[in-house]
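Below you'll find the structure, written out as structure tokens, and then a few comments.
The values are calculated or read from the model by the stated rules, or taken from the named source; none is laboratory data. Just so we're clear, the structure is a prediction, and the values are computed from it rather than from any experiment. Every residue, glycine as well, gets a Cβ built from its backbone with ideal geometry; the counts of neighbours run over all protein chains shown.
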Amino acid sequence: MTWDERFASPDYVVPAPMQFLVDLAERLPPGGRMLDLACGSGRHSALFAAHGWSVTAVDSSAAALALASNAHSGIATLQRDLTSPEDFPPGPWDLTVVTLYLDRELLRRIPGARVAIAIPLVDPRDGVRPMNPAYLLESGELRRIFATGWEVEHYRKTSPAPPARSIAELVALRS
Ligand SMILES: C[S@@+](CC[C@H](N)C(=O)[O-])C[C@H]1O[C@@H](n2cnc3c(N)ncnc32)[C@H](O)[C@@H]1O
């Protein structure tokens, strides 16, 4: 199933925003500029827009962007293949969010004064739902990518009950 088919399906349910991003939206002052890369149906775009942020949501799926655009009037959308060498939309961005999308090159050149990232991990526990290893980070890898030039404000490795998979969460401020 393609991403467009998934987002356009009548069975698709918009997931709740991740708790560490709910906490971040409550902690940061309203009114910033947020870039949501591989935004999907825009759960985190809508969260920050509801906190008064001006949001640009980027995804390759037109169906995803249609849902994101409908989620809140404060969300501008941009259809783009993030694997292309094209530049990111012009900032400055106070916050760039990437959740459940792994592109190591993108993480290394990510724009923004602050980043919030959540990516599934290799998880050897019994009963964890199989996933293509190409979309998984090794344990400690996210911290290593942001070890230089960033001040890490939050890092957590989640341990949900299987079949759910562990996720690495990170919030970092450019130093
Ligand atoms: C698992 S979803 C995550 C969506 C959202 N970040 C969230 O956490 O709800 C992965 C998203 O990545 C998008 N995507 C996949 N490949 C992409 C690419 N090359 N460029 C831009 N977006 C891409 C898909 O369309 C999909 O919306």
Residue check for Ala172: in a strand (DSSP E or B) and out of contact with any helix residue (DSSP H, G or I) (no Cβ under 8 Å at 6 or more places or on another chain): yes
Filter pass, Thr148 being at pLDDT 95 or above, in contact with a strand residue (DSSP E or B) (Cβ under 7 Å, 6 or more places away or on another chain) and of a type in the set (S, T, N, Q): no
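Table: residues versus (1) in contact (Cβ under 8 Å) with a residue 12 or more places away in the chain; (2) aromatic (Phe, Trp, Tyr); (3) farther than 22 Å from Gln19 by Cβ.
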position	(1), (2), (3)
Pro120	yes, no, no
Ala134	yes, no, yes
Thr148	no, no, yes
Glu151	yes, no, no
Ala161	no, no, no
Test: residue in segment 157-174 that is modelled with pLDDT under 95, under 19 Å from Gly32 (Cα atoms) and surrounded by fewer than 14 Cβ atoms within 10 Å (Cβ to Cβ): no
Unique match (being surrounded by 10 or more Cβ atoms within 10 Å (Cβ to Cβ) and part of a loop (DSSP other than H, G, I, E, B)) among Pro111, Pro124, Pro130, Pro120: Pro111
Qualifying residue in segment 78-88 (condition: among the aromatic types (Phe, Trp, Tyr), within 11 Å of the ligand (Cβ to nearest atom) and out of contact with any helix residue (DSSP H, G or I) (no Cβ under 6 Å at 6 or more places or on another chain)): no
Unmet criterion (only one of (1) surrounded by 15 or more Cβ atoms within 10 Å (Cβ to Cβ); (2) closer than 22 Å to Arg156 by Cβ) for Ala46: (2)
Scope segment 68-85; condition polar (S, T, N, Q) and within 22 Å of Arg109 (Cβ to Cβ); matching residues: Thr77, Gln79, Thr83, Ser84
Those residues of segment 85-100 which are of a type outside the set (S, T, N, Q) and crowded, with 18+ Cβ neighbours inside 10 Å, in sequence order: Phe88, Trp93, Asp94, Leu95, Val97, Val98
Contacts under 7 angstrom Cβ, first residue in segment 15-38 being in contact (Cβ under 8 Å) with a residue 40 or more places away in the chain and within 13 Å of the ligand (Cβ to nearest atom), partner part of a helix (DSSP H, G or I) and of a type in the set (Ser, Thr, Tyr), 6 or more apart: Asp36/Ser45
Residues (among the hydrophobic types (A, V, I, L, M, F, W, C) and either within 18 Å of the chain's Cα centre (by Cα) or surrounded by 13 or more Cβ atoms within 10 Å (Cβ to Cβ) (or both)) located in segment 133-156: Ala134, Leu136, Leu137, Leu142, Ile145, Phe146, Trp150, Val152
Filter pass, Ser69 being exposed (fewer than 12 other Cβ atoms within 10 Å of the Cβ) and within 18 Å of Trp3 (Cα to Cα): no
